[in-house]
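Quick notes on the structure that follows.
The values are calculated or read from the model by the stated rules, or taken from the named source; none is laboratory data. Note that the structure is a prediction, hence the values are computed from the model and not measured. Here Cβ is always computed from backbone atoms with ideal geometry, including for glycine, and neighbour counts include all displayed protein chains. Ligands, DNA and RNA are excluded from the accessible area calculation, which covers all protein heavy atoms including side chains. Shrake-Rupley method; radii C 1.70, N 1.55, O 1.52, S 1.80 Å.
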Amino acid sequence: MEKLSVLALDVGKKRIGVAGCDGLGLLATGLTTIQRASFQRDVEQIQYWVEERQVQRIVVGLPYLRDGTLSAQAKQIQRFAQKLSAALQLPVEYEDERLTSFEAEEQMKAQNLSPSRNKSAIDRRAAAIILQQWLERYHAEKEHL
């Protein structure tokens with residue numbers, strides 16, 4: 001099996017949840033939450049993880065609307081992702097992130113953690129859920145080749 005290093009981002013207005021995967025691309029783990037300051041600062045913090053983990057591509061969660069169209073927020077996230085891709089010289093792919101924050105909150109409640117007091121943890125978990133979804137689809141598509 002080839003080595004696979006992917007970083008997933010749950011991009012919000014205030015924070016960016018960051019997740020990475022193991023070397024085989026089987027298991028996603030939340031890594032950190034970036035407090036957004038400026039585009040340049042966001043890039044510097046993401047660049048750290050890209051170098052640390054020798055990342056080959058970035059997956060960005062896109063919030064689709066229920067009817068499958070892109071929300072205004074999703075279009076802003078796409079613009080951010082395109083600028084990020086150019087700045088880091090890495091390909092960016094998108095993953096539907098509908099309900100990932102809700103799922104992250106439910107996981108925390110199941111562990112008796114307070115979602116309202118752990119917004120950063122929700123963002124990290126949501127990024128891990130986005131990445132896990134992408135990894136499962138990636139491996140399923142590779143099997144069909």
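Results, tabulated for the structure shown:
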item	result
Selection status of ASP67, open to solvent by less than 60 Å² (accessible area, probe 1.4 Å) and more than 15 Å from ILE130 (Cα to Cα)	no
Which numbered condition ARG98 fails, given (1) assigned to a helix (DSSP H, G or I); (2) open to solvent by 80 Å² or more (accessible area, probe 1.4 Å)	(1)
Members of region 1-47 found to be open to solvent by 10 Å² or more (accessible area, probe 1.4 Å) and among the small types (Gly, Ala, Ser), listed by number	GLY12, GLY23, ALA28, GLY30, ALA37, SER38
Every residue from region 89-145 that is in contact with a helix residue (DSSP H, G or I) (Cβ under 7 Å, 6 or more places away or on another chain), without any contact (Cβ under 8 Å) to a residue 24 or more places away in the chain and not hydrophobic (A, V, I, L, M, F, W, C)	GLU105, GLN107, LYS109, PRO115, ASN118
ARG124 of a type outside the set (Phe, Trp, Tyr), on the phi < 0 side of the Ramachandran plot and either touching a Cys at 6+ places or on another chain (Cβ under 7 Å) or outside any helix (DSSP H, G or I) (or both)	no
Residue within region 29-39 that is polar (S, T, N, Q) and assigned to a helix (DSSP H, G or I) present	no
